[in-house]
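Structure first, commentary second.
Computed from the coordinates by the stated procedures, all read-outs in this text should not be read as laboratory data. Values in this document were obtained by computation on a predicted structure and should not be read as measured data. Cβ placement follows ideal geometry from the backbone for every residue including glycine, while neighbour counts extend to all protein chains displayed.
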Amino acid sequence: MDEKIEKIILDRIEKPGWFSTRAVLRDPRAQFSDEDLPRVEAVMKRLAEKGLVTLWRLILEQEGVELLAASRPDLELDKDLEQRGAWAKAVRYEEHG
């Protein structure tokens with residue numbers, strides 16, 4: 001299962017360049033449930049340790065929810081969301097991890 005999660009993560013960072021755990025759990029290629037969240041987060045963290053993704057705390061302003069998000073290493077998600085006037089803010093995971 002971890003390999004399937006890893007493939008989804010690496011595929012999804014190509015476009016639009018980032019995604020959250022929620023996006024992985026809802027991916028139509030797999031049948032995940034909310035109980036798989038810790039496993040998805042663990043895979044994301046391993047990919048970050050390898051330098052393949054950068055981790056972020058994605059703060060959904062309207063929902064008041066924080067999610068773990070991953071981006072391409074060259075994408076500054078915090079600045080990208082701010083420039084687009086997005087519905088969320090991002091803070092590097094390392095700052096809170």
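Taking (1) surrounded by fewer than 15 Cβ atoms within 10 Å (Cβ to Cβ); (2) part of a loop (DSSP other than H, G, I, E, B); (3) over 12 Å from the mean Cα position of the chain (by Cα) in turn, residue 83 satisfies each apart from (2).
Scanning segment 1-39 for residues that are among the small types (Gly, Ala, Ser), in contact (Cβ under 8 Å) with a residue 12 or more places away in the chain and outside any loop (DSSP other than H, G, I, E, B) yields a single hit, 20.
Residue-level check: of (1) in a helix (DSSP H, G or I); (2) over 17 Å from residue 21 (Cα atoms), residue 43 misses just (2). For residue 4, the criteria (1) under 13 Å from the mean Cα position of the chain (by Cα); (2) among the basic types (Lys, Arg); (3) more than 18 Å from residue 80 (Cβ to Cβ) hold in every case but one, which is (1). Taking the criterion of being surrounded by fewer than 16 Cβ atoms within 10 Å (Cβ to Cβ) and assigned to a strand (DSSP E or B), the residues of segment 51-65 that qualify are 60, 65.
Look at segment 44-55: where a residue is under 14 Å from residue 3 (Cα atoms) and a partner is in a loop (DSSP other than H, G, I, E, B), sitting 6+ places away or on another chain with Cβ atoms under 6 Å, you get 47/53.
Pairs meeting the criteria (first residue in segment 58-74 and in contact (Cβ under 8 Å) with a residue 60 or more places away in the chain, second residue of a type in the set (Val, Ile, Thr), beta carbons under 8 Å, at least 6 apart or on different chains) are 70/9; 70/13; 70/53; 70/54.
Filtered by the rule that a residue be under 14 Å from the mean Cα position of the chain (by Cα) and of a type in the set (Asp, Glu), segment 59-73 gives a lone residue, 66.
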